1. Please count how many residues of the range 176-196 are within 14 Å of ligand 2 (Cβ to nearest atom), of a type outside the set (V, I, T), in contact with a strand residue (DSSP E or B) (Cβ under 7 Å, 6 or more places away or on another chain) and farther than 19 Å from V148 by Cβ.
2. Here's a check for you: in the range 148-197, which residue that is hydrophobic (A, V, I, L, M, F, W, C) and within 14 Å of ligand 1 (Cβ to nearest atom) is surrounded by the most Cβ atoms within 10 Å (Cβ to Cβ)?
3. From the list E276, E307, E255, E286, which one is outside any helix (DSSP H, G or I) and modelled with pLDDT of 95 or more?
4. Evaluate the range 153-171: report whether one residue or more is assigned to a loop (DSSP other than H, G, I, E, B), farther than 23 Å from A114 by Cα, of a type outside the set (K, R) and in contact with a helix residue (DSSP H, G or I) (Cβ under 6 Å, 6 or more places away or on another chain).
5. State which residue is surrounded by the fewest Cβ atoms within 10 Å (Cβ to Cβ) when the search covers only the range 81-105 and only residues that are more than 12 Å from the chain's Cα centre (by Cα) and assigned to a helix (DSSP H, G or I).
6. Which residue out of L54, L34 is under 17 Å from the mean Cα position of the chain (by Cα), surrounded by 14 or more Cβ atoms within 10 Å (Cβ to Cβ), part of a strand (DSSP E or B) and in contact (Cβ under 8 Å) with a residue 40 or more places away in the chain?
7. Looking at this structure, is D45 at pLDDT 95 or above, among the charged types (D, E, K, R), surrounded by 14 or more Cβ atoms within 10 Å (Cβ to Cβ) and closer than 30 Å to V131 by Cβ?
8. Could you count how many residues in the range 70-89 are hydrophobic (A, V, I, L, M, F, W, C), more than 16 Å from V288 (Cα to Cα) and within 16 Å of ligand 2 (Cβ to nearest atom)?
Amino acid sequence: MTLPVPLQHASPDPALDLHEAIASLKRERNAVVLAHYYQDSDIQDIADFLGDSLQLAQAAATTTADVLCFAGVHFMAETAKILNPQRIVVVPDLEAGCSLADGCPADRFAAWKANYPGSVVVSYINCTAEVKALSDYIVTSSNAEKIVRSIPEATQVLFAPDKNLGRYLEKKTGRSMVLWPGSCVVHETFSERKLIALKTRNADAEILAHPECEEPILRMADFIGSTTALLKYAVASSKRTFIVATEPGILHQMEKQAPGKTFLAAPPEGNCACNECPHMKRNTLEKVYLSLRDLTPRLEMSAELLERAKVPIQRMLALS
Ligand code: 13P
Ligand code: SF4
């Protein structure tokens with residue numbers, strides 16, 4: 001199939017029905033849209049695959065589509081490209097990054113790793129392809145505990161780039177690791193003080209938290225897990241009200257899959273919307289349409305980087 005590669009987007013006709021236009025481009029291009037739970041609800045609703053980081057990587061590894069439009073953040077689309085180098089991977093907005101990936105540049109990571117010869121390097125999937133290429137295992141919040149436990153006890157483990165997830169894993173597995181000092185700008189924003197107040201007003205509510213949250217928030221949680229695990233827990237629980245300490249995009253699926261239950265977003269410390277991921281929220285339905293129409297911006301990497309970064313991701317998929 002030969003596909004055009006225009007250099008820049010021309011604005012769409014304002015009268016265009018974006019839902020219909022996206023559906024027709026998907027057919028024409030043999031394309032699929034993969035979306036993370038932190039996307040706006042209109043993007044979630046047009047997605048062919050919706051999930052957490054692990055599910056989206058698994059979907060990217062198995063799809064037979066010619067074009068993958070990845071509505072998430074850059075490291076997620078990069079992972080899809082690494083698993084599918086022969087397919088076209090486009091993103092709605094190339095600037096949609098991640099504070100964890102940005103805070104762990106490959107040169108500093110390589111220097112850090114060099115201080116611990118003989119260690120096994122486990123990196124959270126929220127990192128660049130260059131950091132993946134320097135890692136032994138990639139993990140997500142769904143499988144990190146299992147993968148860390150699979151590494152022989154006597155081996156020193158380096159864990160990057162999220163110190164909060166790292167600390168949580170240390171507690172769960174009882175083994176200490178060397179942690180890269182990174183954190184997520186969204187998950188470190190939740191206020192313990194306001195969470196206590198919200199819980200006091202909703203005494204029956206269960207608190208659900210993502211392991212990227214800081215320790216005081218995790219200590220208050222009734223359940224800790226990846227976005228998919230939080231969703232499944234909320235659906236299965238006999239409780240009616242939940243306080244959710246992660247990016248509030250997930251509330252859309254919780255409300256859809258557990259109608260009648262009440263979901264409250266855990267509050268940030270300031271009077272801001274800083275519990276919303278500014279990177280995830282760069283994507284819009286219009287940008288999804290434009291990326292499918294123009295097949296740009298595309299993810300491209302050298303063959304050498306693709307090969308090296310694939311090894312630890314495949315180890316993860318094999319263990320998941
Ligand atoms: P999940 O693995 O739960 O999808 O989390 C991804 C993420 O970026 C959390 O901030
Ligand atoms: Fe990165 Fe945090 Fe946004 Fe997740 S929520 S993509 S970890 S900045």
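The values are calculated or read from the model by the stated rules, or taken from the named source; none is laboratory data. Computed from a predicted model, the values in this text were never measured in an experiment. Neighbour counts run over all protein chains shown; Cβ positions are idealised from the backbone, glycine included.
1. Result for the range 176-196: 1.
2. To start, the set of residues in the range 148-197 that are hydrophobic (A, V, I, L, M, F, W, C) comprises 148, 151, 154, 157-160, 165, 169, 177-180, 184-186, 190, 195-197.
This time we only want the ones that are within 14 Å of ligand 1 (Cβ to nearest atom), so: 165, 169, 184-186, 190.
Details: L165: 28, L169: 26, C184: 24, V185: 16, V186: 25, F190: 25.
Looking at the filtered set, the residue picked out is L165.
3. Working: E307 fails: outside any helix (DSSP H, G or I); E255 fails: outside any helix (DSSP H, G or I); E286 fails: outside any helix (DSSP H, G or I).
Being outside any helix (DSSP H, G or I) and modelled with pLDDT of 95 or more holds for just one of E276, E307, E255, E286, which is E276.
4. Within the range 153-171, the first condition is being assigned to a loop (DSSP other than H, G, I, E, B), and the residues that meet it are 153-156, 161-162.
Narrowing the set further to residues that are farther than 23 Å from A114 by Cα leaves none.
No, the conditions are met nowhere in the range 153-171.
5. Within the range 81-105, the first condition is being more than 12 Å from the chain's Cα centre (by Cα), and the residues that meet it are 81-95, 102-105.
Filter once more, keeping what is assigned to a helix (DSSP H, G or I): 81-83, 102.
Working: K81: 24, I82: 28, L83: 23, D102: 17.
Applying the filter and picking the extreme gives D102.
6. Residue meeting the stated conditions: L34.
7. Details: at pLDDT 95 or above: yes; among the charged types (D, E, K, R): yes; surrounded by 14 or more Cβ atoms within 10 Å (Cβ to Cβ): yes; closer than 30 Å to V131 by Cβ: no.
Here the answer is no, as D45 does not meet what is asked.
8. Keep residues of the range 70-89 that are hydrophobic (A, V, I, L, M, F, W, C), which gives 70-71, 73, 75-77, 80, 82-83, 88-89.
With the extra rule that they be more than 16 Å from V288 (Cα to Cα), the set shrinks to 75, 80, 82-83.
Next, from what is left, pick out any that are within 16 Å of ligand 2 (Cβ to nearest atom): 75, 80.
The qualifying residues number 2.
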